[in-house]
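What follows is a single structure, written as structure tokens, with notes after it.
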């Protein structure tokens, strides 16, 4: 399940030269491809409110993922502010911002300006409204710009109020994988990341781990795998070895996502990013990032209800009892323990698909040595 398996599974993808020839892509970017499908999906999601969310069968998964984002954003914003003089502005580009789920994180990080961009117009309108509501309640609130655009097809600089802006941080959470529909889209996305990112600035994000997904599909010995809260289904006619771009699968997550996504072959991403002056400085699977950050983020884990209390206190478990065998085993090993925080097996199987990454923009002319095979 770890690094050795990961490297072996890279043979699942067609190996190519650094030129990323046309035939590496399963789908050309002549039309809007699946962008309209993604746009329609995210435009049609209703805001169901906190009450509904608190009854969701993936409540803790969503909270845990949100905790990972909070820790990731804090890790790099802290580094940025530590290297600035007091009061110097911090500017952020929030790519694929959705309804503005990270606005409070930007506020907490004391940033001065955020540009939010997303393909879904309804989501951007919600994001803008959320920002206005926060601004009405808070004297010290960052300024914002809101752009409706397909970040994988449109050069965003032309839409900024100040095209000479320099960002300290670019963030793309749970969305970057859509750009791997084609080489052109991946390059456009990385152009948007790097174009106005100052040297020394960071690009952070969260994406599914392609090697893990391919490994689970092979283990299942069929074209789909999943559990009670999610399924990943591949087209029967997707050729193997998988193309570096356009390797499409359908991701269904209970109540939240149901649309096509694309495998991101990470060595290819790393090489492409280097073309845009972006050097990989960190990458970790969610379970490993949790281990690294859990001490520092312990109070936030509790505050965000990112783990489910087991055994439950005056509450029902979100999953069937069979989903908590690891928690039961823990109590057998440590009989003195009364309560623990955990995730149901079904939710854990989803969150462990994901990986965090951080790239840093290098100085002009600086070469980047890419180690990935």
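The values are calculated or read from the model by the stated rules, or taken from the named source; none is laboratory data. Just so you know, these numbers come straight off a predicted model, no measurement behind them. Ideal geometry is used to build each Cβ from the backbone, glycine not excepted, and the neighbour counts take in all protein chains shown.
Filter the stretch 159-176 for residues that are surrounded by 24 or more Cβ atoms within 10 Å (Cβ to Cβ) and either assigned to a helix (DSSP H, G or I) or under 17 Å from the mean Cα position of the chain (by Cα) (or both) and give the result.
169, 170, 171, 172, 173, 176
Could you figure out which of (1) under 18 Å from the mean Cα position of the chain (by Cα); (2) surrounded by fewer than 18 Cβ atoms within 10 Å (Cβ to Cβ) isn't true of residue 105?
It is condition (2) that residue 105 fails.
Listed here are the residues, each with its yes/no results for (1) over 16 Å from residue 207 (Cα atoms); (2) buried (at least 19 other Cβ atoms within 10 Å of the Cβ); (3) in the same structural domain as residue 179 (by TED's automatic domain parsing); (4) touching a strand residue (DSSP E or B) at 6+ places or on another chain (Cβ under 7 Å).
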| site | (1), (2), (3), (4) |
| --- | --- |
| 276 | yes, yes, yes, no |
| 284 | no, no, yes, yes |
| 300 | yes, no, no, no |
| 314 | yes, no, no, no |
| 321 | yes, no, no, no |
| 331 | yes, no, no, no |
| 334 | yes, no, no, no |
| 347 | yes, yes, no, no |
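So which pairs qualify, if the first residue must be in the stretch 50-68 and more than 21 Å from residue 293 (Cα to Cα) and outside the structural domain of residue 290 (by TED's automatic domain parsing), the second must be crowded, with 22+ Cβ neighbours inside 10 Å and at pLDDT below 95, the Cβ gap must be under 9 Å, and the two must be at least 6 apart or on different chains?
Taking only residues 6 or more apart or on different chains, not a single pair turns up.
So, in the stretch 94-117, of the ones that are in contact with a strand residue (DSSP E or B) (Cβ under 7 Å, 6 or more places away or on another chain) and part of a loop (DSSP other than H, G, I, E, B), which residue ends up nearest to residue 178 (Cα to Cα)? Please lay out each step first, then the result.
Filtering the stretch 94-117 for residues in contact with a strand residue (DSSP E or B) (Cβ under 7 Å, 6 or more places away or on another chain) gives 94-98, 100, 102, 106, 111-117.
Subsequent filtering for residues that are part of a loop (DSSP other than H, G, I, E, B) retains 96-98, 100, 102, 111-112.
On the way: 96: 10, 97: 13, 98: 14, 100: 18, 102: 19, 111: 27, 112: 29 Å.
It comes out as 96.
In the stretch 218-256, which residues are within 17 Å of the chain's Cα centre (by Cα) and over 24 Å from residue 183 (Cα atoms)?
Within the stretch 218-256, 230, 252, 253, 256 meet the criteria.
Residues in the stretch 218-235: is at least one at pLDDT below 95, in contact with a strand residue (DSSP E or B) (Cβ under 9 Å, 6 or more places away or on another chain), within 15 Å of residue 250 (Cβ to Cβ) and surrounded by fewer than 20 Cβ atoms within 10 Å (Cβ to Cβ)?
yes
Just to verify a result, which residue in the stretch 76-97, among those that are without any contact (Cβ under 8 Å) to a residue 60 or more places away in the chain and within 20 Å of the chain's Cα centre (by Cα), is surrounded by the fewest Cβ atoms within 10 Å (Cβ to Cβ)?
78
Could you check how many residues of the stretch 258-283 are part of a loop (DSSP other than H, G, I, E, B) and within 14 Å of the chain's Cα centre (by Cα)?
Residues that pass the stated criteria total 2.
For the stretch 284-373, which helices (runs of 4 or more DSSP H) that fit wholly inside it have 2 or more residues that are within 26 Å of the chain's Cα centre (by Cα) and closer than 21 Å to residue 211 by Cα?
Those helices (runs of 4 or more DSSP H) span 286-293, 345-351.
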